[in-house]
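Undergrad: Take a look at the following structure, please.
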Amino acid sequence: MISAVLARRYARALLALSQRLDDVERTHQDLRGVTSIFESDPRVRRFFEAPNIARTEKEAFLERRWKPKLNRNVYGLLVILLRRRRFDHLVAIAAEFHKLAEEAQGITRAIVRTAVPISERQADALTRALNRRTGRKVTLTREVDPALLGGVTLSLDHKVIDGTLATQLWRIRRQLREARV
């Protein structure tokens with residue numbers, strides 16, 4: 001819980017700074033790159049989280065390797081996290097930043113799960129319908145779940161619309177039970 005609150009606080013500050021400097025997209029890209037390295041290379045993660053390695057050595061590494069490649073917002077965040085011994089929260093902060101940045105840009109993520117893959121045309125039609133319905137730009141992620149008998153589930157804005165065959169059968173069964181005299 002504390003980690004989520006902390007991540008949100010840092011992400012909000014980073015977004016506000018990025019918006020003020022009109023640098024949200026570059027911050028978004030750089031942060032995604034850094035977290036990708038941090039998640040994919042265990043040596044990098046261990047280096048930054050190791051208590052036996054001096055902070056000055058870690059800062060020197062950041063300055064030498066990442067400062068020339070990163071925008072100042074992301075580099076500054078990394079230095080602050082390092083100095084406050086919160087580098088282990090980087091991935092959560094990045095995830096929260098991406099969510100807040102998309103919200104600020106009017107982008108909403110949706111996930112559609114089906115038993116079989118949906119076509120590009122079906123995905124485009126669903127995206128257009130969701131764009132109209134929400135008034136925002138919807139980014140659709142398609143997932144195939146072979147455990148579904150049929151139908152679809154749609155997750156959007158912390159809501160799940162369940163149109164699966166299993167749910168429809170459950171509703172029919174419930175109605176039949178309630179109809180008994």
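Okay, residues lined up against (1) surrounded by 16 or more Cβ atoms within 10 Å (Cβ to Cβ); (2) in the same structural domain as D157 (by TED's automatic domain parsing); (3) out of contact with any helix residue (DSSP H, G or I) (no Cβ under 7 Å at 6 or more places or on another chain); (4) farther than 27 Å from H158 by Cα:
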{"position": "R12", "(1), (2), (3), (4)": "no, no, no, no"}
{"position": "S36", "(1), (2), (3), (4)": "no, no, yes, no"}
{"position": "S40", "(1), (2), (3), (4)": "no, no, yes, yes"}
{"position": "E49", "(1), (2), (3), (4)": "no, no, no, yes"}
{"position": "R85", "(1), (2), (3), (4)": "no, no, yes, yes"}
{"position": "L90", "(1), (2), (3), (4)": "yes, no, no, no"}
{"position": "F97", "(1), (2), (3), (4)": "yes, no, no, no"}
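Undergrad: Could you list all residues from region 44-83 that are under 24 Å from the mean Cα position of the chain (by Cα) and charged (D, E, K, R)?
TA: Answer for region 44-83, where residues must be under 24 Å from the mean Cα position of the chain (by Cα) and charged (D, E, K, R): R45, R46, E49, K69, R72.
Undergrad: Looking only at region 130-181, filter to residues that are of a type in the set (G, A, S) and under 21 Å from A101 (Cα atoms); which one of those is surrounded by the most Cβ atoms within 10 Å (Cβ to Cβ)?
TA: Top of the filtered list is S155.
Undergrad: In the same structural domain as A94 (by TED's automatic domain parsing), more than 30 Å from G106 (Cβ to Cβ) and surrounded by 13 or more Cβ atoms within 10 Å (Cβ to Cβ): is that true of L31 in this structure?
TA: Taking the combined requirement at face value, the residue does not satisfy it.
Undergrad: Among the residues of region 130-181, write down those that are of a type outside the set (A, V, I, L, M, F, W, C), part of a strand (DSSP E or B) and within 17 Å of the chain's Cα centre (by Cα).
TA: K137, T139, T141, R142, E143, S155, K159, listed by residue number.
Undergrad: While we're looking at this one, here's another question. Looking at (1) of a type outside the set (D, E, K, R); (2) within 18 Å of S36 (Cα to Cα); (3) in a helix (DSSP H, G or I); (4) in contact (Cβ under 8 Å) with a residue 24 or more places away in the chain, can you tell me which one L70 breaks?
TA: Answer for L70: the failing condition is (3).
Undergrad: For I93, which of the numbered conditions (1) at pLDDT below 90; (2) under 13 Å from the mean Cα position of the chain (by Cα) fails to hold?
TA: (1)
The values are calculated or read from the model by the stated rules, or taken from the named source; none is laboratory data. Every value quoted in this text rests on a predicted model; they were computed, and no experiment measured them. Note: ideal-geometry Cβ built from the backbone for every residue, glycine included; neighbour counts use all protein chains shown.
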